[in-house]
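Where a number appears in this text, it was derived from the coordinates with a stated rule and is not lab data. Computed from a prediction, not measured in an experiment: that's the story for all the values here. Positions of Cβ are backbone-derived with ideal geometry, glycine not excepted, and every protein chain shown enters the neighbour counts.
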Amino acid sequence: MAMNVGLNEYALAIITMDKNLKSGGGCPIFYAEDNNDLQHKAMLMSKSVGGMVHDMTNGTLIIVKH
């Protein structure tokens, strides 16, 4: 029986309107000006890396590779 060893799911990016959010975990943070900018950046990034967008509430989205 073969074992699947490696990273299968991981966060690729954080997109937020919260200018006080600072990086500390190695995941890049992109800042959006408003909700339209937030949604647009998340859509473009998720399409380009093949990830899924998840809403973390309060104007923050993450892109995760499943």
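If you scan the stretch 39-63, which residues turn out to be surrounded by 15 or more Cβ atoms within 10 Å (Cβ to Cβ) and under 11 Å from the mean Cα position of the chain (by Cα)?
Across the stretch 39-63, the qualifying residues are Lys41, Ala42, Met45, Ser46, Gly51, Val53, Thr60, Leu61, Ile62, Ile63.
Contact list please: Cβ distance under 8 Å, first residue in the stretch 43-65 and touching a residue at least 40 places away in the same chain (Cβ under 8 Å), second residue assigned to a helix (DSSP H, G or I) and crowded, with 17+ Cβ neighbours inside 10 Å, pairs at least six apart or on different chains.
Every condition considered, the pairs that remain are Gly59/Leu38; Leu61/Leu38; Leu61/Ala42; Ile63/Ala42; Ile63/Met45; Ile63/Ser46.
Go through (1) part of a helix (DSSP H, G or I); (2) in contact with a Lys or Arg (Cβ under 9 Å, 6 or more places away or on another chain) and name the single condition Leu61 misses.
Condition not satisfied by Leu61: (1).
For the stretch 13-57, which positions are polar (S, T, N, Q) and assigned to a loop (DSSP other than H, G, I, E, B)?
Looking only at the stretch 13-57, we keep the residues that are polar (S, T, N, Q), and these are 16, 20, 23, 35-36, 39, 46, 48, 57.
Those that are polar (S, T, N, Q) and assigned to a loop (DSSP other than H, G, I, E, B): Asn20, Ser23, Thr57.
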